[in-house]
Amino acid sequence: MERPFPTVAVVGLGTMGAGVAVAVARSGRRVIGIEATEDSAARALARIEEATAHAVDRERITAGERTALLARISVGHALTAAAEADLVIEEVPEQLELKREVFAELDRICPEDTVLATGTTALSVTRIAAATARPERVLGLHFFNPVHTMKLVEVVRTVLTSPQTAEDAAAFARDLGKEPVAAGDRAGFVVNGLLFAYLNQAAAMYESRYASREDIDAAMRLGCGLPMGPLALLDLIGVDTARTVLEAMYEQSRDKLHAPAPILGQLVSAGLLGRKSGRGFYTYEAPGSSKAVDAATGPARAKVPGRAVHTVGVCGSGTMATGIAEVFAKAGHPVLLAARSQEKADRAKAQLAKSLERSVAKGRLSGEQRDAALALVTPVGQYSELAEVDLVVEAVAEDLAVKRELFATLDKIVRPGAVLATTTSSLPVISCATATSRPQDVIGMHFFNPAPAMKLVEVVSTVLTAPDVTATVLELTAKVRKHPVECGDRAGFIVNALLFPYLNDAVRMLQEHYATVDDIDTAMKLGCGYPMGPFELLDVVGLDVSLTIEQVLHQEFREPGLAAAPLLEHLVAAGCLGRKTGRGFRDHARR
Ligand SMILES: NC(=O)c1ccc[n+]([C@@H]2O[C@H](COP(=O)([O-])OP(=O)(O)OC[C@H]3O[C@@H](n4cnc5c(N)ncnc54)[C@H](O)[C@@H]3O)[C@@H](O)[C@H]2O)c1
């Protein structure tokens, strides 16, 4: 079969166009590069020469390959040169009128069967196609920056694009060594549609002073394994670009969650566009630099001295309780692992021993360290044994009545001045606090699963938590080699409040038949460098657990866009809960 599109014209050789031209030439195709003026054409050619020389330095290509590649690229400033191309990829600046003009001209210049593609990020491909008399051969080819490293290409079909055109374009992308995913024409397509709503919520969270920028960024990196925090990413993308994409998304969805957070407009008005202008959410060494000079490094710090903590009580016998007990024991704290019966407590300690054993097998822990940690853990079958501890961390069932009863019990038993912490992920910490006569000593300490491995702890203070209690937990968390972030007592804290609306958006995208499970997962992994796609993650977390968190978030913020997607509710009702039942968004049993 003939390779699709042997000759390709690239119109606009800026950041994206130059990258696309090189990628196409590398595939052995002839490239006709077209810039606006003679001067800009000369500059573009110099940029391409420089970029490919850099690729030789980095040993991505050989000097010989570079010479051959450059020989296949011609650069000029007459759009008429596009007449010889089988495919034209437009990469001019993101302005609708400009793109429409270029397409109208191309339509006149190019033979009838030439395919015209736009590189737009947020404009309507349909409106661009409407400037031509061949909308069936117009589509979007959305590459990611930098083109040479990012494998994803969104192939965007309008209602008028012919299936053959889309198929040929996908085959072309594959032939460039890229991974094409199919998307329909809506603002943001798959990746930005999911990414920017999340970035917007992070900006709004910062704007409302719910948490510091460092804590928001650290929470998403350490709690979800994302390559960058959302505010640092906004600075990288450009605050102006983000605002433009969000405006386009809002115009189509009328979803308040897409309305650009006011702070984005303020930053743009002030010229604080992110890294490129030297300042955005963070301040950088110089314009274009990636080095933030005003970011607080390290975990959140206490403003007042904390209380001394030596012995720790952990309530519960499940995964979280044993994981948390392990964290404290490994850091040298004597731990009373308290369950409702001695038998349960003993079993929990056996689980903990197994986990330590695995660490030894993996070479992460020595035999002596294992023995020392294990010797520090005492399983107890009654909460009354916790009378003398300095801190209690509760990790029993996620049920408010159960937790309140436990806090009322602890209130009667534990010595005055001890800190009482809950590791709840979705219940109000204040409701635990008010079950005691000492709400000032109660705080949230939200560990992530598996606790021994996950570095993040959300330290959740209520309106009644005493400052020295917050200080105690911040200090202690850092001491046990975790990264504390500070936030207030509202649904979802930082991580879940930003993560679950994004997961819900992905479910809605699927429910609307906008893209498939595999395409959405692939797009987020390749387009954003996420460790897992949203549906992989939902299947791991459990659909029932996810639904509960989404319901709690919706109940708290009453934002219509946060209502759980009906498809998620249906799957839960059908007993498809994810990996644990063998079926969720994917069928795991058959794999
Ligand atoms: N930069 C990114 O991260 C990124 C990522 C994906 C997609 N995009 C999209 O790619 C497209 C190009 O963006 P960019 O970042 O490369 O912009 P850019 O400003 O770096 O480059 C645009 C180039 O087009 C040239 N140009 C302007 N008018 C022209 C005309 N009439 N004919 C020919 N050339 C013309 C300019 O001289 C410039 O070199 C935009 O639609 C953008 O939204 C950008």
- Item | Test: Val153 is free of Cβ contacts under 8 Å to residues at least 60 places away in the same chain and either at positive phi or not hydroxyl-bearing (Ser, Thr, Tyr) (or both) | yes
- Query: Conditions: (1) modelled with pLDDT of 95 or more; (2) over 28 Å from Thr409 (Cβ atoms); (3) open to solvent by less than 50 Å² (accessible area, probe 1.4 Å). Val245 meets all but one. Number of the miss?
  - Reply: (1)
- Task: Would you check if there is a residue in segment 561-575 being within 23 Å of Asn449 (Cβ to Cβ) and of a type outside the set (A, V, I, L, M, F, W, C)?
- Result: yes
- Where in segment 521-591 are there helices (runs of 4 or more DSSP H), lying wholly inside it, with at least 1 residues that are under 19 Å from Ala497 (Cα atoms) and of a type in the set (S, T, N, Q)? 543-557
- Output for Cβ contacts, cut-off 8 Å, separation at least six or different chains, first residue in a helix (DSSP H, G or I) in segment 208-222, second modelled with pLDDT under 95 and aliphatic (A, V, I, L, M), reads Arg213/Ala295; Glu214/Ala295; Glu214/Ala296; Glu214/Ala300; Asp215/Ala300
- What number goes with the only condition from (1) at pLDDT 95 or above; (2) touching a Gly at 6+ places or on another chain (Cβ under 8 Å); (3) surrounded by fewer than 24 Cβ atoms within 10 Å (Cβ to Cβ) that Ser426 does not pass? (1)
- Query: In segment 1-15, which residue that is at pLDDT below 95 and farther than 23 Å from Glu167 by Cβ is nearest to the ligand (Cβ to nearest atom)?
  - Reply: Gly14
- State all residues of segment 350-372 that are open to solvent by less than 50 Å² (accessible area, probe 1.4 Å) and part of a helix (DSSP H, G or I); if no residue qualifies, say none. Leu352, Ala353, Ser355, Leu356, Ser359, Val360, Gly367
- Which one is farthest from the ligand (Cβ to nearest atom), of the residues in segment 16-29 that are touching a helix residue (DSSP H, G or I) at 6+ places or on another chain (Cβ under 8 Å) and of a type in the set (Gly, Ala, Ser)? Ser27
- Task: Kindly provide the set of residues from segment 273-294 that are out of contact with any Ser or Thr (no Cβ under 9 Å at 6 or more places or on another chain), surrounded by 18 or more Cβ atoms within 10 Å (Cβ to Cβ) and free of Cβ contacts under 8 Å to residues at least 60 places away in the same chain, ordered by number.
- Result: Lys276, Ser277, Arg279, Gly280
- For Arg134, all conditions in the list (1) buried (at least 19 other Cβ atoms within 10 Å of the Cβ); (2) near the ligand (Cβ under 10 Å from one of its atoms) hold save one; what is the number of the exception? (2)
- Quick one: which of Leu503, Leu510 is assigned to a helix (DSSP H, G or I) and either under 20 Å from Leu199 (Cβ atoms) or at pLDDT below 95 (or both)? Leu503
- Task: State the number of residues belonging to segment 454-479 that are touching a Lys or Arg at 6+ places or on another chain (Cβ under 9 Å), open to solvent by 10 Å² or more (accessible area, probe 1.4 Å) and of a type in the set (Val, Ile, Thr).
- Result: 1
- Residue hits (segment 567-591; open to solvent by 60 Å² or more (accessible area, probe 1.4 Å) and within 22 Å of Ala491 (Cβ to Cβ)) are Glu569
- Sole miss for Ile109 among (1) without any contact (Cβ under 8 Å) to a residue 40 or more places away in the chain; (2) within 14 Å of the ligand (Cβ to nearest atom); (3) crowded, with 23+ Cβ neighbours inside 10 Å; (4) more than 21 Å from Gln252 (Cα to Cα) is condition (3)
- Item | Members of segment 529-559 that are at positive phi and either small (Gly, Ala, Ser) or buried (at least 19 other Cβ atoms within 10 Å of the Cβ) (or both) | Gly529, Gly542
- Find the residue count for segment 120-131, including only residues that are open to solvent by 30 Å² or more (accessible area, probe 1.4 Å) and over 28 Å from the mean Cα position of the chain (by Cα). 3
- Residue satisfying condition, being within 11 Å of the ligand (Cβ to nearest atom) and not basic (Lys, Arg), within set Leu87, Leu98, Leu116: Leu98
- Message: For segment 145-172, give me each residue that is open to solvent by less than 20 Å² (accessible area, probe 1.4 Å) and within 14 Å of the ligand (Cβ to nearest atom).
- Response: Val147, Leu152, Val153, Glu154, Val155, Val156
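The values are calculated or read from the model by the stated rules, or taken from the named source; none is laboratory data. For clarity, every value in this text was computed on a predicted model and none was experimentally measured. No Cβ is skipped: glycine too gets one built from the backbone with ideal geometry, and neighbour counts run over all protein chains shown. Surface accessibility is based on the protein's heavy atoms, side chains included, excluding ligands, DNA and RNA. Shrake-Rupley method; radii C 1.70, N 1.55, O 1.52, S 1.80 Å.
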